Amino acid sequence: MRIVSLLPSATEIVCALGLGDELVGVTHECDWPPEVAGKPVVTRDTHDLGELPSREIHALVTAAMHGGSSLYALDDEKLEALEPDLILTQELCHVCAVSYREVNEVVRAIDASITVVSLEPTSIEGILNTITTVGAMTESEDNAIDLVESLRERLGTVEEKVQARREAGGRSPRVVGLEWLDPPFASGHWVPEQIRRAGGWELLGSDGERSVQTTWDAVSEVDPEMLLLMPCGFHLAETLATWERTRRPPGYEDLAAVRRGRVFALDGSAYFSRPGPRVIDGIELLAEIFDPDAFVDIAPLGSWTPVGP
């Protein structure tokens with residue numbers, strides 16, 4: 001089978017199922033696992049985001065959403081030349097991926113027999129179901145079942161230890177996760193669930209819902225004990241660089257999280273933005289931050305760091 005992935009998360013799923021050799025095309029943002037380097041790239045940015053401030057990137061995203069466009073373009077000719085049997089894409093966000101409508105229009109013009117599958121998880125269980133869906137579409141059901149079982153085992157290990165710590169008198173830290181920094185966005189989709197399963201209490205985000213714009217006044221009102229900086233699509237170095245360029249709002253220094261030195265920058269792209277197998281790594285990462293005595297060195301290397309005021 002010849003597979004083209006138009007999502008970094010789908011690329012990760014395909015490779016985790018042992019189908020890397022059948023993956024013939026990827027996006028320009030597919031950077032994991034390392035063996036995808038050198039695969040033909042069928043998308044590109046429509047804007048040079050470079051080192052734009054968060055607020056300017058947000059303005060571009062907002063304009064694209066209102067205009068029904070995307071920040072990514074599809075290389076129709078290269079896609080046709082790859083002769084795919086299966087294309088993995090999504091409808092959830094037409095801004096952060098090539099739009100589902102555009103993909104279908106291109107496919108109809110190339111070869112209507114190409115199968116296009118839209119992956120739309122909004123929860124941890126939905127992500128696990130996505131893995132089994134890809135397994136079914138690629139005749140890799142057994143590998144998918146094994147992968148999902150291993151992910152469930154890791155998740156269960158974290159949850160059992162979290163529960164044991166609570167029964168022993170531990171308490172859940174009060175947390176705000178920010179999926180964008182300027183303007184601030186509260187976490188959404190599966191991220192509040194990741195925080196909860198890791199032992200935290202997300203104060204502003206809602207399970208299964210889109211991330212929503214909030215304000216620093218709202219953050220101050222709930223006064224979290226921990227502040228997680230996890231901007232969508234940003235790896236750790238990008239998070240740190242963006243936070244360095246972001247003006248601190250009035251009253252920031254008065255937040256309990258800041259006073260206690262419990263503001264953390266995370267690799268949002270790898271472990272929170274992409275609905276693939278590494279969301280479980282993200283839960284392990286958070287567990288280590290929330291309770292470092294119980295969870296020692298289980299976070300992926302270089303996935304998080306405390307930041308100063």
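Listed values, structure above:
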item: 5 angstrom amide H check on residue 97, placed H, neighbours 5+ away; result: 71
item: Descending Cα extents along the principal axes, the range 138-195, whole Å; result: 43, 38, 11
item: Residue among 77, 202, 193 with the largest mean-square fluctuation in a Gaussian network model of the chain, springs linking Cα atoms under 10 Å; result: 77
item: Length released on extending from residue 293 to residue 252, taking residue separation times 0.36 nm less the Cα-Cα span; result: 12.0 nm
item: Phi to ³J(HN,Hα) by Karplus 6.51 cos²θ - 1.76 cosθ + 1.60 over the range 33-45, Hz, x for Gly, Pro; result: x, x, 5, 7, 4, x, 5, x, 9, 10, 10, 8, 6
item: Amide H contacts of residue 307 (H built 1.01 Å from N, under 5 Å, at least 5 apart or other chain); result: 263, 264, 265
item: Rg/Rg_ref, the range 201-292, where Rg_ref = 2.2 N^0.38 Å and atoms are Cα; result: 1.09
item: Percent of C-alpha pairs per 20 Å bin, the chain, short to long; result: 33, 57, 11, 0
item: For the range 148-263: accessible area per residue (Å², 1.4 Å); result: 48 Å²
item: Relative packing of 146-158, 254-266, which averages over residues the other C-beta atoms within 10 Å, highest first; result: 254-266, 146-158
item: Most mobile of 172, 113, 123 in a GNM of the chain (Cα contacts under 10 Å); result: 113
item: The chain, dipole about Cα centre (Lys/Arg Cβ +1, Asp/Glu Cβ -1), debye to the nearest 20; result: 1000 debye
item: Within a Gaussian network of the chain (alpha carbon springs, distance under 10 Å), most fluctuating of 115, 132, 43; result: 115
item: Anisotropy class of the range 176-232 from Cα gyration tensor, a/c 1.5 cut; result: oblate
item: Nearest 10 degrees, 0 to 90: helix 141-167 Cα axis against the chain principal axis; result: 10 degrees
item: Calculated SAXS-style log₁₀ I(q)/I(0) at q = 0.08, 0.17, 0.20, 0.21 Å⁻¹ - the range 153-309, Debye, Cα scatterers; result: -0.19, -0.94, -1.33, -1.48
item: Backbone HN-Hα couplings from phi across the range 108-117 [Karplus 6.51/-1.76/1.60, Hz, Gly and Pro as x]; result: 4, 6, 7, 6, 5, 7, 5, 8, 10, 10
item: Protein accessible area in the range 65-213, 1.4 Å probe - carbon and sulfur %; result: 46 percent
item: Dipole of the chain [Lys/Arg +1, Asp/Glu -1 at C-beta], most positive-end residue of 81, 275, 208; result: 208
item: Degrees, to the nearest 10: 124-137 long Cα axis against longest axis of the chain; result: 20 degrees
item: 3J(HN,Hα) from dihedral phi, the range 180-186, Karplus parametrisation 6.51/-1.76/1.60, rounded to Hz, x for glycine, proline; result: 8, 9, 8, x, x, 10, 6
item: Angle in degrees between helix 279-290 and the longest Cα principal axis of the chain, rounded to the nearest 10; result: 10 degrees
item: Selection from 157, 11, 116 lying farthest towards where the dipole of the chain points positive, charges on Cβ; result: 157
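The values are calculated or read from the model by the stated rules, or taken from the named source; none is laboratory data. Bear in mind that the values here come from a model prediction, so they are computed numbers and not experimental data. Heads up, the Cβs are rebuilt from the backbone with ideal geometry, glycines too, and the neighbour counts pull from every protein chain shown. The protein model used for the area step is the full one, side chains on, heavy atoms only, and it has no ligands, DNA or RNA in it. Shrake-Rupley method; radii C 1.70, N 1.55, O 1.52, S 1.80 Å.
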